[in-house]
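The values are calculated or read from the model by the stated rules, or taken from the named source; none is laboratory data. Quick caveat, the model's predicted, so the values are computed rather than measured. Using ideal geometry, Cβ is built from the backbone for each residue, glycine included, and neighbour counts are taken over all protein chains shown.
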Amino acid sequence: MLRFGLILAAIVVAADQITKYVVLGPLDFSPPGCLQMVAPCGFIEISPIFDLRMVWNRGVSFGLLAAGNDVARWALVAGMLVIAGVFAWWMRSAERRLTALALGLVVGGALGNVIDRIRFGAVVDFLDFSGLWFPWVFNVADAAITVGAVLLAFDMLFLTESEPGKGTGWSQLKAQARALRARFGGGSGGSGG
């Protein structure tokens with residue numbers, strides 16, 4: 001599964017960097033002064049629900065923990081590299097394709113954004129779905145991280161056996177809830193206490 005996850009991570013990095021190249025190159029979404037926030041950045045209205053809007057994100061997801069100086073910038077780079085390394089290490093022991101898929105998406109997304117931070121000091125964001133009441137502008141790497149995290153949560157909740165032979169964590173939780181309802185009279189056939 002390691003090879004599958006690493007190939008997927010490489011595909012995510014490539015797709016992320018190609019789309020950012022198009023935004024910064026041919027589309028010229030970041031004119032001089034845009035990165036420093038002293039000049040307006042690019043915007044193209046595509047449809048009522050989706051637009052292209054250039055935003056330089058100095059923080060992590062959704063602009064949290066903005067890096068206002070070089071120390072914070074390099075701390076974010078180091079932190080994202082550690083996270084990518086931990087997830088890549090985890091990928092070595094992945095037994096299911098879904099786990100490797102989720103980890104590959106997160107690792108690829110993290111590395112795509114790290115490249116931006118190293119090159120520019122901020123992450124290139126440009127996908128704007130504010131017409132769907134989604135206020136954040138994001139990029140391919142962010143989407144990969146989000147989808148990977150959701151798949152990883154699904155995998156851990158519904159597919160991973162926390163106790164071998166006892167089913168998934170979710171099935172164990174449901175069994176415990178049924179046992180509590182039966183014990184306290186809330187379940188079918190329970191006599192209450």
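A single member of A15, A39 is within 30 Å of M91 (Cβ to Cβ) and in the same structural domain as R117 (by TED's automatic domain parsing), and it is A15. Within the span defined as the range 48-66, one or more residues are loosely packed, with under 12 Cβ neighbours inside 10 Å, more than 22 Å from the chain's Cα centre (by Cα) and at pLDDT 90 or above. Flag: A102 matches the condition of being small (G, A, S), under 14 Å from the mean Cα position of the chain (by Cα), more than 30 Å from C41 (Cβ to Cβ) and modelled with pLDDT of 95 or more.
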